[in-house]
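The next block holds one structure in the form of structure tokens; read it before the comments.
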Amino acid sequence: MLLPLLFAVVPVTTTGAYDEVRQTDDGRTLVLRTIDWETDDGQRTRVTVHWQLLDDGSMLYEYVRQPPATQAVHRRACALQGGSPSEGASFLAGPGTTHGFGCSSSP
């Protein structure tokens, strides 16, 4: 089934990524991943991405829970692809995976 929004995962070049793990008051485990996010226009911005670690080892990304600087570079990366940040949740899983994000665009 094709939805009116196009979901694309755009690769991100990262160097020097490091993590800080925090436990929230409500029991969630957050991974604060600091990366150099390079967009297709060649700009590299150091940001901290907030991931929620899930029980199965995957991580949940929600655009609305990101710091302003991370939201800004996410918007720029999507705009370069003709879209905007996907609403809702994205998931990250797999060996060696450091980052991912979603963009949506109307057909």
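The values are calculated or read from the model by the stated rules, or taken from the named source; none is laboratory data. Since this is a predicted model, take the numbers as computed values, not measurements. So basically every Cβ, Gly included, is an ideal-geometry build from the backbone, and we count neighbours across all protein chains shown.
Does at least one position in the stretch 53-69 carry a residue that is β-branched (V, I, T), at pLDDT 80 or above and surrounded by 11 or more Cβ atoms within 10 Å (Cβ to Cβ)?
No: the stretch 53-69 contains no residue that is β-branched (V, I, T), at pLDDT 80 or above and surrounded by 11 or more Cβ atoms within 10 Å (Cβ to Cβ).
Picking from residues in the stretch 73-87 that are more than 13 Å from G100 (Cα to Cα) and without any contact (Cβ under 8 Å) to a residue 24 or more places away in the chain, the one that is nearest to the chain's Cα centre (by Cα) is R75. Taking the criterion of being aliphatic (A, V, I, L, M) and modelled with pLDDT under 85, the residues of the stretch 1-37 that qualify are M1, L2, L3, L5, L6, A8, V9, V10, V12, A17.
Of the residues making up the stretch 32-61, just one is farther than 18 Å from E20 by Cβ, of a type in the set (D, E) and under 13 Å from the mean Cα position of the chain (by Cα), namely E38.
When the stretch 38-49 is filtered for residues that are under 18 Å from C78 (Cβ atoms) and at pLDDT 85 or above, the ones remaining, listed by number, are R44, T45, V47, V49.
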